1. What shape does the stretch 412-481 have by the C-alpha gyration tensor, where a ≥ b ≥ c are the square roots of the eigenvalues, rounded means a/c under 1.5, and otherwise prolate means a/b greater than b/c and oblate the rest?
2. If you take the charge dipole of the chain about its Cα centre, with +1 on Lys and Arg Cβ and -1 on Asp and Glu Cβ, which of Leu94, Val299, Leu482 is farthest toward its positive end?
3. Between Ile137 and Asp114, what is the label-to-label distance in nm when each label sits 7 Å out along the Cα-to-Cβ direction?
4. Take each uninterrupted DSSP H stretch in the chain, measure its Cα extent along the helix axis, and return the ones at 18 Å or beyond whose mean Kyte-Doolittle hydropathy is at least -0.5.
5. Nothing charged except the Cβ atoms of Lys and Arg (+1) and of Asp and Glu (-1): what's the magnitude of the dipole of the chain about its Cα centre? Round to the nearest 20 debye.
6. Under the rule of -39500 (n - 2.57) per DSSP H run of 4 or more residues, summed and divided by the residues of the chain, what mean residue ellipticity at 222 nm is obtained, to the nearest 500 deg cm²/dmol?
7. Using all alpha carbons of the stretch 224-483, what is the percent of pairwise distances in each 10 Å bin, ordered from the shortest bin to the longest?
8. Treating cross-link reach as a plain straight distance, find the lysines whose alpha-carbon is under 29 Å from the alpha-carbon of Lys79, omitting any fewer than eight places away in the same chain.
Amino acid sequence: MGIEIGPALSRIREAVAGQAVPVVDLIAVQTKDPFKILVATILSARTRDEVTARAAESLFTRANNVGDLARLDQENLEKLIRPVGFFRNKARYLSQLPAILFERFDGKIPRTMDELLSLPGVGRKTANLVLAQAFQIPAICVDTHVHRIMNIWGYVETTSPEATEQALRKKLPHEHWIEINSLLVAFGQSICRPVGPHCDACVLAPDCPRIGVVPRKGRPTAVEARGRQKGLRLVSWNVNGLRAVTKKGFVDWARELAPDVLALQEIKALPEQLPVEVLELQGYHAYFHSAERKGYSGVAIYSRQEPRRVITGLADDRFDSEGRVLTLEFADFFLVNAYFPNARHDLTRLDLKGDFNRCFHDFVDRLAREKTVVTCGDFNVAHQPIDLANPESNTGNPGFTPAERAWMDDYVAGGWIDTFRSRNPGPDFYTWWSYRSRARERNIGWRIDYFFIDPASVDRIVDAAILNDVMGSDHCPVMLELKVS
Ligand code: SF4
């Protein structure tokens, strides 16, 4: 049986009753002021509700209306809203807003979609939220939760929030338009979560087709529960710039996912260039191996547990000067975090990459004589044709050359287990997408980020996953749950 929208939303309404109301809704109820609703909506993009609420409060003490806002310059605005994501951009939008409102809208907040879209920092999502919350005009605000959950239910079949909005406008009864966003945001944050949805505790479980939900696990058995209690959650992510991803909510994401170990590649920063909340991520010991060249390569590991030993590099200057490998030793395993060189478009670094591969392979084989070794990171190679969307047209390109694939064959033949593939034999699982041609939206990607484990430790794999709904980089994170021996 599929989802019937009316009854499903009723059940969700009951399930999320009593949960914190999204901050924009709260401001709407408390103030009924279109100016404050618009400003809070702009502040809330890619920012946690508590942070938005604090920033909105401090801004509204100085700017209660459009006229007050006009008296604040960008520097002051930045200071007032500072904790929110993309605060510089948002401060710029807010500093431009009063002049436009006075010139074109008599100092008032406009109440049509086209007029709202003409304001700085206002996209369809914001405009829909303002129309619905400020003016009670039927509008559907589609954010990532609405888009994701509507597709999981099979209520729409779309590949972007914009397409979901258009599909819902045709299909969703008007009575649900205004409330759909706050209901599904609350539901998506608490039960139908992007990573590991709680299907076992969901009121819709009997009817939900769970399209694209991986893995789809029910309540764990006693044995599984014991395994999970003992499991360590290891996550690896090529962030393509740690400072860049910090502006896109990295700290909030890490806090929410709460991995035991978080290995990052391509941090592109020296430790002293990082903001303090990243340098000293709360609850973690942090280790960095940056490249000598500024803004290039570099790896980092955050660990809840203090390791016994930290090994920096591979004892080869060619690679260590580029900040490629960082290893933590724990009581019962080594975690080796690596950012493999890219062969380059003209393959001028293919030989160097081959040297790196062999050096890395020797290093981890040596460690595996002592105890379990988990290797992770961006290997910069898709192993098999199944690991990229267009294998034929990419044959010979960096990341899919015969030489790189042959090395991976050799690595796997030596016993190293590709943990994700060992549990997910099917196609269409990728970890990297080009920024061009809407590749991620169309899932035209490559699987080049991995967790491997040595063959003697295969029984320690509890779970392996690709967290492909985590945005912020051109790669997504990958995860391994490792049984503690
Ligand atoms: S059953 Fe699972 S996938 Fe379906 S709505 Fe509930 S939590 Fe989401």
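1. prolate
2. Comparing the listed Cα positions along the dipole, Leu94 ranks first.
3. Result: 1.2 nm between the two label points.
4. Those that clear 18 Å and a mean of -0.5 are 49-62, 87-105, 177-190, 350-367.
5. 760
6. Mean residue ellipticity, 222 nm, calculated: -11500 deg cm²/dmol.
7. With 10 Å bins starting at 0, P(r) equals 7, 33, 40, 19, 2, 0.
8. Within the straight-line cut-off, Lys79 pairs with Lys32, Lys36, Lys90, Lys108, Lys125, Lys247, Lys248, Lys268, Lys294.
Each value in this text was obtained by applying a stated rule to the coordinates, not by laboratory testing. It should be emphasised that the depicted structure is a prediction, and the values quoted were computed from it without experimental measurement. Don't worry about glycine lacking a Cβ; one is built from the backbone with ideal geometry, like all the others, and counts go over all protein chains shown.
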